[in-house]
Amino acid sequence: SYDFANLAAESVSGVEIYKTGRANQTTGGIGSLINIKTTRPLDAPGLNASVGVKGVADRTNRNGSDLTPEVSGIFSGTFADDTFGVALSGSYQERDSGLNSA
């Protein structure tokens, strides 16, 4: 399994979900195959940037602040008459949480 919370929303341009087997796709087991399409700078030529900032209130927290910050962003640009592109994305989260179970 994969934790999709590790991906910044700005860096995802689309999601493809295959529920049936296809000869040109790697098998995904009994469930399905999920293909996450990341941002490609040549799909949107020019300079593009986006930044997201939010705070999550987590009242189940025992240590630290109940307000946890999240910052994410993406920058993409194309050069040489839109024949070369670069995309950079990043994400920062701070969590003070835990789980007790028996």
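The values are calculated or read from the model by the stated rules, or taken from the named source; none is laboratory data. Since the model is a prediction, treat every value here as computed from it, not as a measurement. Every residue, glycine among them, receives a Cβ derived from its backbone with ideal geometry; neighbour counts consider all protein chains shown. Surface accessibility is based on the protein's heavy atoms, side chains included, excluding ligands, DNA and RNA. Shrake-Rupley method; radii C 1.70, N 1.55, O 1.52, S 1.80 Å.
Can you tell me which residue is farthest from the chain's Cα centre (by Cα) among those in segment 48-59 that are among the aliphatic types (A, V, I, L, M) and open to solvent by less than 90 Å² (accessible area, probe 1.4 Å)?
Within segment 48-59, the subset among the aliphatic types (A, V, I, L, M) is 49, 51, 53, 56-57.
Add one more test, that the residue is open to solvent by less than 90 Å² (accessible area, probe 1.4 Å), and what stays is 49, 56-57.
On the way: ALA49: 15, VAL56: 17, ALA57: 21 Å.
The selected residue is ALA57.
Given (1) modelled with pLDDT under 85; (2) assigned to a loop (DSSP other than H, G, I, E, B); (3) surrounded by 14 or more Cβ atoms within 10 Å (Cβ to Cβ), where does PRO45 come up short, assuming only one miss?
(1)
Could you grab me the full set of residues in segment 67-84 that are free of Cβ contacts under 8 Å to residues at least 24 places away in the same chain, exposed (fewer than 14 other Cβ atoms within 10 Å of the Cβ) and within 26 Å of ASP3 (Cα to Cα)?
LEU67
Can you tell me which residue in segment 19-35 is modelled with the lowest pLDDT, limited to those that are surrounded by fewer than 14 Cβ atoms within 10 Å (Cβ to Cβ) and not polar (S, T, N, Q)?
Initially, segment 19-35 is screened for residues surrounded by fewer than 14 Cβ atoms within 10 Å (Cβ to Cβ), giving 19-27, 29-32, 34-35.
If we keep only those that are not polar (S, T, N, Q) as well, we get 19, 21-23, 29-31, 34.
On the way: LYS19: 76, GLY21: 62, ARG22: 62, ALA23: 62, GLY29: 58, ILE30: 65, GLY31: 67, ILE34: 82.
This residue is GLY29.
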